[in-house]
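Following: one structure in C-alpha cells, then a few remarks.
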Amino acid sequence: MTQRVTGRRQRRRGLTLWEVMLALAILGGSIAVIGQLVRLGVRSAGEARDLAQAQLLCEAKLAELSAGMEPLQGISAAPFPYELDWLYSVEVLPVDQAGLLAVRVTVEKLVENQAWPLSFSLQRWIIDPSLEFQQAEMEAVEGEETDSGSSSTTSPASSSSQGSSGETP
C-alpha cells in the first residue's frame, strides 16, 4: 500500500502559473477598457458643459437683441465682453412674412487642440424695429388727433358752463 501512494502523483491544491497569468491579463485588459471609458466620460462631460454654456450665451445675446439693447445688424465673430474665449455672430435675414425678421445668433468656442470649434445657433423671428417705430409714430399721431378733436368739443361746453355761472375769466 505504501508503494501505491509513493508511485502515484499527489495533486496539489492551488493555481498554476498559467491560470495566474490569464487572470492578470483579464484584469489588465479590464482596467484599460475602464480607463478609456472614464476618459470618454470626462471628455463628454466637458463638451456637455461647454454646450450648455454656449446655449446660455446664445439665449442671452438673442434676448439682448429682442429687447432692443443692441441694434439688429449683422455681426461676425465678435467676442463676448465677459467670456473672452467665446465668439458670437448675428445674422439678420428677411422672411416671407412682412414686418418680421429672422435673427440667428451663433456662438462658438475656439479651442486650439480641437479639430473643429464647438458652436451653437438659435434663430428667432422678431418684429422689424423700423416698422415697430413707424407704427408707434402713427399711433402717437392718431392719439394727438383724437385728443385735439375731443378737446375742441369739451372747450365750448366748459366755456358755456363758465358763462352760466356768471364768472368772468
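The values are calculated or read from the model by the stated rules, or taken from the named source; none is laboratory data. In this text, all values refer to a predicted model and were calculated from it rather than measured experimentally. Neighbour counts are summed over all protein chains in view; Cβ atoms, including those assigned to glycine, are modelled from backbone coordinates with ideal geometry.
Would you please name the residue that is nearest to Ile127 (Cα to Cα), looking only at residues in the range 58-70 that are touching a residue at least 40 places away in the same chain (Cβ under 8 Å) and either small (Gly, Ala, Ser) or loosely packed, with under 12 Cβ neighbours inside 10 Å (or both)?
Just the residues of the range 58-70 that are touching a residue at least 40 places away in the same chain (Cβ under 8 Å), to begin with: 58-59, 61-62, 65-66, 68.
Filter once more, keeping what is either small (Gly, Ala, Ser) or loosely packed, with under 12 Cβ neighbours inside 10 Å (or both): 66, 68.
On the way: Ser66: 9, Gly68: 11 Å.
Per the criteria, the residue is Ser66.
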Please count how many residues of the range 100-130 are of a type in the set (Phe, Trp, Tyr) and either outside any strand (DSSP E or B) or under 17 Å from Glu70 (Cα atoms) (or both). 2
The one condition in (1) free of Cβ contacts under 8 Å to residues at least 12 places away in the same chain; (2) not acidic (Asp, Glu); (3) not in a strand (DSSP E or B) that Leu93 fails to fulfil: (3)
In this structure, does Val141 turn out to be out of contact with any Lys or Arg (no Cβ under 7 Å at 6 or more places or on another chain) and modelled with pLDDT of 90 or more? no
Here the qualifying pairs (Cβ atoms under 6 Å; residues six or more apart or on different chains; first in the range 35-57 and in contact (Cβ under 8 Å) with a residue 12 or more places away in the chain and under 28 Å from Tyr88 (Cα atoms); second loosely packed, with under 13 Cβ neighbours inside 10 Å and aliphatic (A, V, I, L, M)) come out as none
Scan the range 105-128 and tell me whether some residue there is modelled with pLDDT under 90, in contact with a Gly (Cβ under 7 Å, 6 or more places away or on another chain) and surrounded by 14 or more Cβ atoms within 10 Å (Cβ to Cβ). yes
